[in-house]
Amino acid sequence: MGIATVNPATGETLKNFEPLNDQEIAQKLDQAQKTFEQYRYIPIAQKAEWMNAAATLLVDRREEFGKIMALEVGKPIASAIAEAEKSAWVCRYYAENAAQFLANVPIETDASRSFVSYQPIGVVLAVMPWNFPFWQVFRFAAPALMAGNVGLLKHASNVPQCALAIEEIFREAGFPTGAFQTLLVGSDKVAQIVTDERVKAATLTGSEPAGASLASLAGKLIKKTVLELGGSDPFIVLESADLETAVSTAVTARMINSGQSCIAAKRFIVQEAIADQFTEKLVAKYAALKVGDPMNPETDIGPLATPGILKDLDQLVQTCIEKGAKALIGGNPQDVLTRSVVAFQHGNFYPPTILADFPPGTPADDEEFFGPVALLFRVPDIDAAIRLANSSPFGLGASAWTGIQEEGNRLATELEAGAVFINGMVKSDPRLPFGGVKRSGYGRELGIQGIHEFVNIKTVWMK
């Protein structure tokens, strides 16, 4: 796959980029290592000043960056602008809190003085996805740079302009040139980079196969990795829930980034007593969603990022239908052309879809549906809801809705996920650790835990 900007709304290739050759990659790695040797000793107050400057650039130029995101991945412009603003938030969060998070922690022992210190480890490679092309990068880069590490970004090949813009932001904010570098390379170069002795650790957000491949390579060399992989998040609605709020949130939770989010709600598990009401309301809200030009501020759902994603999603949907599941709305890619995207017949649009009544053995059991498709299940009680939610091989996030505190406590305890939100939508927040269990990956980003992933947690004992 080449490195290019291809407008997903039209299929038009707008700009091609020449990948770095091996010599250029080596030069970037050398610059990163040389920069780290000096950068690690720069006072944290200076790093914070630069990080706050990066936040200011993100806010001041949020419309410019939002348009780049909308152009490269089809993200609706309003959410793209909001993504730039959220990226500024994580920069400011670590600028304000890194000194506290990295401060020495005294421990009483038999020494006259003993403590735990947090020291940078060096060059960290980030392999990042296209679906949140700014946020995913900044939530890695802000803590990594504040900890004194330097970053190398291997971004998805369909967002080169986003990748270069992020490098420019850090440079304009005042960071040394080698502190954060974008590597315009294909996935075939990842092994070469991660196994280079100058690279001390790696983080990846993406698919299970990509995560397994990176972790295997790094593991052979005993290098630290953090993986944030797929999700098939449950959205449980019990009889005691506030139904109107749950339905409204269900639409938002499924349609984040046109449904292309790891933590989007994907499996809607509804107690039988209210399932008819929930279904009727959900179908009505899906029917009202506006599909179309991502540059139009009124658009709810833009195109999927690539033709391959569109094909894979439709294949999962059609397999479910062929095996006996019902499409309550949508389910046919041609339907979307009758709505509001006739002018974009070569775009990667998919209609809002709700599937229900699954027989055993469909992809709904264990696959991630990456797009505007909701999977609707009925269960008799909370026990069945928890069993079904935990039956997935994934464990990233979970949302559950109830009006009874005891039910909420039980759901928070028993759901197998890296994050559980009771009466709220799963979301990432700089103040809270983010990551998954099971096939959704390991390690954490964000919060104090995120900045501690890529440091040497050093014990110091003095007589």
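The values are calculated or read from the model by the stated rules, or taken from the named source; none is laboratory data. Source: prediction; values computed, not measured. All Cβ positions, even for glycine, are placed from backbone atoms using ideal geometry, and neighbour counts span all protein chains on display.
Some points to look at:
- Subset of the stretch 168-198 (residues that are within 21 Å of residue 42 (Cβ to Cβ) and of a type in the set (A, V, I, L, M, F, W, C)): 169, 170, 173, 175, 179, 180
- Between 126, 156, 142, 165, the distinction of being in the same structural domain as residue 39 (by TED's automatic domain parsing), in a helix (DSSP H, G or I), of a type in the set (A, V, I, L, M, F, W, C) and out of contact with any Cys (no Cβ under 6 Å at 6 or more places or on another chain) belongs to 165 only.
- A search for C-beta distances below 6 Å between a residue of the stretch 303-318 that is surrounded by fewer than 20 Cβ atoms within 10 Å (Cβ to Cβ) and any residue that is in a loop (DSSP other than H, G, I, E, B) and among the small types (Gly, Ala, Ser), counting only pairs 6+ apart in sequence or on different chains, returns nothing.
- Filter result for residue 281 (over 24 Å from residue 69 (Cβ atoms), assigned to a helix (DSSP H, G or I) and not assigned by TED's automatic domain parsing to the domain that holds residue 207): yes
- Selection count where residues are part of a loop (DSSP other than H, G, I, E, B) and either within 21 Å of residue 206 (Cα to Cα) or not hydroxyl-bearing (Ser, Thr, Tyr) (or both), scope the stretch 294-326: 14
- Single residue of 252, 203, 279 found to be among the polar types (S, T, N, Q) and crowded, with 20+ Cβ neighbours inside 10 Å: 203
- Scoring residue 34 on the criteria (1) farther than 18 Å from residue 141 by Cβ; (2) touching an Asp or Glu at 6+ places or on another chain (Cβ under 7 Å) leaves a single failure, condition (2).
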